[in-house]
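Visitor: Before we start, here is the structure in question, set down as structure tokens.
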Amino acid sequence: MENLLKKEKSPYLKQHENNPVHWFPWGKNAIDKAKELKKPIFLSVGYASCHWCHVMAHESFEDTNTAKIMNEKFINIKVDREERPDLDFVFQKSLAVLTGTQGGWPLSMFLDENGVPFTGGTYFPPKEMQGRPNFIKVLNNVSEVYNSNREKIINQAPQMRMVFDELNKKTSVINQDLTPYIDRILPYLDQKFGGFQGSPKFPQFYVFETLFYFYRKNKDKKYLEPVEKLLFNVCSRGLYDHLSGGIARYTVDAEWVIPHFEKMLYDNILFVDLLTQFYQFTKNDYYKEKLIQTINFISRDFINKDDLLGSAYDADSEGIEGKFYVWDYKELSEILKSDFDFFKDKFDITESGNWENKNILVEKNQIKLSDIEKNKLNEIKKKLNVERNKRIKPFFDDKTQTDLNSYWISSILKASIILEDDQLTSSSIKLFDQLEKRLNNVIFHTDLNATVPAFLEDYTYYSSMLIYFYEFTGDIKYLQKAEVKMKETWELFFDDKKEILQKNPLNKNDLFVNPVDINDNNIPNGNSVYLNICQKLEIITNKKEWKDKFEILKKSYHSFINLNSTQMFSYIKMLDFAENSISITFYGKEKTNTDIKKFLQKRFFGRAIFIYKNDQNNNFIIICKNQTCSDKLISIEQVEKYINNNFNNDN
């Protein structure tokens with residue numbers, strides 16, 4: 001046997017193509033080989049920018065002695081979790097079921113020869129460390145246990161499938177007040193630094209987007225304050241890159257100072273989305289600057305060979321975590337010279353540093369800067385950025401994912417409207433056109449020829465993007481295509497027994513269970529996105545088909561939420577949004593009502609449903625909230641008056 005990863009396209013798998021391990025990609029060939037040789041499977045799941053994946057690779061997978069044991073005793077499979085999110089979901093859940101431990105990456109699972117897991121872990125060191133057994137010992141023990149108990153282990157497969165069925169339990173509730181579920185998480189929030197208590201600290205923006213939605217709905221400040229704390233601390237402390245913009249994935253401490261330096265596209269999309277809404281509400285220029293800087297960073301540094309967006313930047317450069325981003329005190333002093341004292345007054349810089357004798361930039365004294373101070377600080381940042389860019393950059397995982405590109409395009413379209421930035425609008429249209437060209441009317445995740453070419457989120461985020469472009473332009477071609485793709489989604493993914501959309505296509509599943517994933521993960525779950533589009537299509541088209549699908553899913557999601565509310569925050573928002581919807585309908589010729597449209601879109605885009613009815617004889621607007629509608633409105637003054645009288649002074 002040989003290492004078969006040389007034929008793979010994934011940047012992560014390519015990183016392992018020269019390992020002495022006889023890696024297989026996931027697929028029938030690997031499973032068949034395990035059956036033929038009656039060997040257990042070692043499954044390693046990671047991604048290209050994962051620091052601890054690199055550590056385990058260097059320590060174990062590049063080591064010839066370790067590789068020899070792996071090759072003799074196992075069939076070894078390597079998986080990029082971003083290529084196979086369905087597989088990652090199933091085996092992360094399996095680890096929790098089998099060991100009671102939290103998952104993560106690298107994920108190290110041991111499967112029987114049929115691909116059913118029986119034990120596993122995450123990172124295993126080469127020598128025992130902090131209670132983690134050494135990897136060679138684990139390999140030998142697992143091999144011995146499997147060979148001694150092979151039939152018994154294989155016969156446990158039905159039990160694993162039963163456990164997965166139990167994980168997706170439903171209650172009989174089909175409708176309920178959702179506010180109590182929001183209140184339940186409030187005691188777990190960090191009152192000082194924002195986010196959730198403890199460390200490591202992940203921003204989990206979709207949770208706070210839901211809190212912000214409920215604040216805007218009912219004006220209870222207990223929902224606003226956590227959002228304010230989170231965004232201020234994220235924007236001002238070490239998670240944020242103060243020189244180029246964008247955020248790292250998480251911090252290892254509870255105060256947002258020490259990031260795990262990898263930068264993921266999905267985190268930055270969620271950040272931009274929430275910042276856009278927050279700026280729309282507060283009009284605070286501090287957040288506007290962070291928003292624009294982050295959009296510029298992603299638009300510049302994440303562009304790949306497809307002229308779309310890649311997936312992530314590694315935490316490491318030159319084999320050292322964070323080396324690209326941190327600063328030595330003396331180095332800063334020599335670069336900035338007479339400006340150093342000013343910079344020290346605006347950032348927390350010390351000789352001993354705040355991480356391993358180096359300085360991670362953390363703002364101080366920047367709440368109220370004069371224009372002169374702002375300009376001076378920006379010039380210093382540019383100077384430092386030039387110096388930093390002379391360093392070797394972290395590895396860029398440049399693979400194009402349809403779900404994330406669709407989500408990004410939608411996000412910057414919304415931001416362009418709020419920021420009144422025509423150039424950003426043009427950028428969103430350009431990226432949309434490029435994505436359309438790449439897909440050529442066939443939805444796929446990263447590779448058209450993959451065993452499982454597309455997932456639920458690829459279809460739902462793509463369809464959502466189409467709806468946003470219809471709402472922005474009024475062009476029916478986007479609406480019509482969204483309907484086609486939404487019908488395809490239902491046919492491919494809807495499980496009529498569980499009444500939910502499965503993560504991979506029903507007829508393409510190559511895992512030991514069907515991956516029915518109800519949780520929000522890196523991005524809001526495709527099920528909640530589908531519900532939102534269903535509701536929009538029902539209101540825009542008035543077709544029974546969308547109403548029926550919406551009702552099926554609404555009842556089903558309510559029955560899941562009772563037992564899974566902390567993992568279903570995007571659903572809570574979408575379900576409540578559906579019950580309290582705002583629609584704005586434009587009647588008239590295509591290019592009439594332009595000024596009113598701009599006014600309303602800046603205020604409501606993303607929070608209301610925009611509808612266009614061609615009318616050759618009349619030009620007017622109808623605004624509806626919860627089935628209560630305005631009279632015909634024909635001027636901005638009338639529209640403004642109606643909004644002020646009926647929307648609780650909502651910004």
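Visitor: If you check Leu384, Leu361, Leu369, which single one turns out to be among the hydrophobic types (A, V, I, L, M, F, W, C) and either within 22 Å of Ser427 (Cβ to Cβ) or touching an Asp or Glu at 6+ places or on another chain (Cβ under 9 Å) (or both)?
Guide: Leu361 is the lone residue from the list that is among the hydrophobic types (A, V, I, L, M, F, W, C) and either within 22 Å of Ser427 (Cβ to Cβ) or touching an Asp or Glu at 6+ places or on another chain (Cβ under 9 Å) (or both).
Visitor: Now for a different question. Restricting the search to region 251-285, which residues are closer than 23 Å to Lys221 by Cα, under 21 Å from the mean Cα position of the chain (by Cα) and not β-branched (Val, Ile, Thr)?
Guide: Leu270, Phe271, Asp273, Leu274, Leu275, Gln277, Phe278, Tyr279
Visitor: Would you mind finding the one in Ala67, Ala57 that is part of a helix (DSSP H, G or I), closer than 26 Å to Asn304 by Cβ and among the small types (Gly, Ala, Ser)?
Guide: Ala57
Visitor: Open to solvent by 20 Å² or more (accessible area, probe 1.4 Å) and more than 16 Å from Glu471 (Cβ to Cβ): does that describe Glu538?
Guide: Taking the combined requirement at face value, the residue does not satisfy it.
Visitor: Condition test on Phe61, is it farther than 20 Å from Lys137 by Cα, out of contact with any helix residue (DSSP H, G or I) (no Cβ under 6 Å at 6 or more places or on another chain), open to solvent by less than 10 Å² (accessible area, probe 1.4 Å) and of a type outside the set (A, V, I, L, M)?
Guide: So Phe61 fails the test.
Visitor: How many residues, within region 169-194, are open to solvent by 40 Å² or more (accessible area, probe 1.4 Å) and in contact with a strand residue (DSSP E or B) (Cβ under 7 Å, 6 or more places away or on another chain)?
Guide: 1
Visitor: Looking only at region 262-293, which residues are over 22 Å from Ile409 (Cβ atoms) and open to solvent by 10 Å² or more (accessible area, probe 1.4 Å)? Steps first, answer last, please.
Guide: Step one: list which residues in region 262-293 are over 22 Å from Ile409 (Cβ atoms), which gives 262, 281-286, 289.
Correct list: Phe281, Thr282, Lys283, Asn284, Asp285, Tyr286, Glu289.
Table: residues versus (1) in contact with a Lys or Arg (Cβ under 6 Å, 6 or more places away or on another chain); (2) in a loop (DSSP other than H, G, I, E, B); (3) modelled with pLDDT under 95; (4) surrounded by 19 or more Cβ atoms within 10 Å (Cβ to Cβ).
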{"position": "Phe324", "(1), (2), (3), (4)": "yes, yes, no, yes"}
{"position": "Leu332", "(1), (2), (3), (4)": "no, no, no, yes"}
{"position": "Ile335", "(1), (2), (3), (4)": "no, no, no, no"}
{"position": "Asp341", "(1), (2), (3), (4)": "no, no, no, no"}
{"position": "Glu351", "(1), (2), (3), (4)": "no, yes, no, no"}
{"position": "Leu361", "(1), (2), (3), (4)": "no, yes, no, yes"}
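Visitor: Please determine whether any residue of region 444-454 is among the β-branched types (Val, Ile, Thr), touching a residue at least 60 places away in the same chain (Cβ under 8 Å) and in a helix (DSSP H, G or I).
Guide: Checked region 444-454: no residue is among the β-branched types (Val, Ile, Thr), touching a residue at least 60 places away in the same chain (Cβ under 8 Å) and in a helix (DSSP H, G or I).
Visitor: A follow-up question, please. Give region 240-257 a look and list any residue that's part of a loop (DSSP other than H, G, I, E, B), of a type in the set (A, V, I, L, M) and farther than 17 Å from Glu356 by Cβ, or say none. Lay out the reasoning, then the answer.
Guide: Initially, region 240-257 is screened for residues part of a loop (DSSP other than H, G, I, E, B), giving 241-246, 248-249, 252-257.
Those still in the list that are of a type in the set (A, V, I, L, M) too: 243, 248, 252, 254, 257.
Selection gives Leu243, Ala254.
Visitor: Taking the condition of being in a helix (DSSP H, G or I) and either surrounded by fewer than 22 Cβ atoms within 10 Å (Cβ to Cβ) or among the polar types (S, T, N, Q) (or both), how many residues in region 393-407 meet it?
Guide: Here the count works out to 3.
Visitor: If I filter region 570-617 down to residues being surrounded by fewer than 18 Cβ atoms within 10 Å (Cβ to Cβ), within 22 Å of Ser411 (Cβ to Cβ) and among the basic types (Lys, Arg), which single residue comes out as farthest from the chain's Cα centre (by Cα)?
Guide: Looking at the filtered set, the residue picked out is Lys598.
Visitor: Among the residues of region 76-95, is there at least one that is part of a strand (DSSP E or B), touching a helix residue (DSSP H, G or I) at 6+ places or on another chain (Cβ under 7 Å), of a type outside the set (A, V, I, L, M) and more than 28 Å from Gly310 (Cβ to Cβ)?
Guide: no
Visitor: Kindly indicate the residue of region 482-516 that is closer than 16 Å to Phe550 by Cβ and of a type in the set (Asp, Glu) and also least open to solvent (accessible area, probe 1.4 Å) among those meeting that condition.
Guide: Among those residues, the one meeting the criterion is Glu483.
Visitor: Another one. Applying the selection to region 209-242, what residues are of a type in the set (A, V, I, L, M, F, W, C), in contact (Cβ under 8 Å) with a residue 60 or more places away in the chain and over 16 Å from Tyr287 (Cα atoms)?
Guide: The answer is Phe214, and nothing else.
Visitor: Write out, first by first residue and then by second, each pair whose Cβ atoms fall under 6 Å of each other, whose residues are 6+ apart or on separate chains, and whose first residue, in region 570-599, is closer than 15 Å to Phe472 by Cα and among the small types (Gly, Ala, Ser) while the second is part of a helix (DSSP H, G or I) and open to solvent by 20 Å² or more (accessible area, probe 1.4 Å).
Guide: Every condition considered, the pairs that remain are Ser583/Ile539.
Visitor: Report yes if Asn76 is at pLDDT 95 or above, of a type outside the set (Val, Ile, Thr) and out of contact with any strand residue (DSSP E or B) (no Cβ under 7 Å at 6 or more places or on another chain), otherwise no.
Guide: Numbers: at pLDDT 95 or above: yes; of a type outside the set (Val, Ile, Thr): yes; out of contact with any strand residue (DSSP E or B) (no Cβ under 7 Å at 6 or more places or on another chain): no.
So Asn76 does not fit the description; no.
Visitor: Moving on to the next point. Quick one: is Ser410 open to solvent by 40 Å² or more (accessible area, probe 1.4 Å), among the hydroxyl-bearing types (Ser, Thr, Tyr) and at pLDDT 95 or above?
Guide: Numbers: open to solvent by 40 Å² or more (accessible area, probe 1.4 Å): no; among the hydroxyl-bearing types (Ser, Thr, Tyr): yes; at pLDDT 95 or above: yes.
Answer is no for this residue.
Visitor: Which of the numbered conditions does Lys78 fail, given that it passes all the others? Conditions: (1) charged (D, E, K, R); (2) open to solvent by 10 Å² or more (accessible area, probe 1.4 Å); (3) touching a residue at least 40 places away in the same chain (Cβ under 8 Å).
Guide: Lys78 satisfies every listed condition except (2).
Visitor: Another question, if that's okay. Condition first: more than 22 Å from Trp256 (Cβ to Cβ) and of a type in the set (Ser, Thr, Tyr). Now tell me which residues in region 318-369 satisfy that.
Guide: Answer for region 318-369, where residues must be more than 22 Å from Trp256 (Cβ to Cβ) and of a type in the set (Ser, Thr, Tyr): Ser333, Ser338.
Visitor: Another question about this same structure. Which residue pairs have Cβ atoms under 8 Å apart, sit 6 or more places apart or on different chains, and have a first residue in region 30-45 that is closer than 16 Å to Arg150 by Cα and without any contact (Cβ under 8 Å) to a residue 40 or more places away in the chain and a second that is part of a strand (DSSP E or B) and among the small types (Gly, Ala, Ser)?
Guide: Pairs found: none.
Visitor: Would you mind finding the one in Lys368, Lys390, Lys430, Lys383 that is free of Cβ contacts under 8 Å to residues at least 12 places away in the same chain, open to solvent by 80 Å² or more (accessible area, probe 1.4 Å) and under 24 Å from Ala248 (Cα atoms)?
Guide: Of the residues listed, the single one that is free of Cβ contacts under 8 Å to residues at least 12 places away in the same chain, open to solvent by 80 Å² or more (accessible area, probe 1.4 Å) and under 24 Å from Ala248 (Cα atoms) is Lys390.
Visitor: Are any residues in region 237-261 of a type outside the set (A, V, I, L, M), more than 20 Å from Phe396 (Cα to Cα) and open to solvent by 10 Å² or more (accessible area, probe 1.4 Å), and if so, which ones?
Guide: Arg237, Asp253, Glu255
Visitor: Continuing with this model, one more query. Run Phe472 past the list (1) touching a strand residue (DSSP E or B) at 6+ places or on another chain (Cβ under 8 Å); (2) open to solvent by less than 10 Å² (accessible area, probe 1.4 Å) and report the number of the one that doesn't hold.
Guide: In the conditions (1) touching a strand residue (DSSP E or B) at 6+ places or on another chain (Cβ under 8 Å); (2) open to solvent by less than 10 Å² (accessible area, probe 1.4 Å), Phe472 misses (2) alone.
Visitor: Separate question: Given region 109-219, what helices (runs of 4 or more DSSP H) lie entirely inside it while holding 2 or more residues that are hydroxyl-bearing (Ser, Thr, Tyr)?
Guide: 135-148, 179-185, 205-218
Visitor: May I pose another question? Asn218 is checked against (1) open to solvent by 10 Å² or more (accessible area, probe 1.4 Å); (2) in contact with a Gly (Cβ under 9 Å, 6 or more places away or on another chain); (3) among the polar types (S, T, N, Q) and fails just one. What number does that condition carry?
Guide: (2)
Visitor: Which condition number does Arg150 fail, the rest of (1) modelled with pLDDT of 95 or more; (2) surrounded by 15 or more Cβ atoms within 10 Å (Cβ to Cβ); (3) in contact with a helix residue (DSSP H, G or I) (Cβ under 9 Å, 6 or more places away or on another chain) being met?
Guide: Status for Arg150: all satisfied but (3).
The values are calculated or read from the model by the stated rules, or taken from the named source; none is laboratory data. Keep in mind that this is a model prediction, so the values were computed, not measured. Reconstructed Cβ throughout: ideal geometry from the backbone, glycine too, with neighbour counts over all protein chains shown. Accessible surface areas use protein heavy atoms only, side chains included; no ligands, DNA or RNA. Shrake-Rupley method; radii C 1.70, N 1.55, O 1.52, S 1.80 Å.
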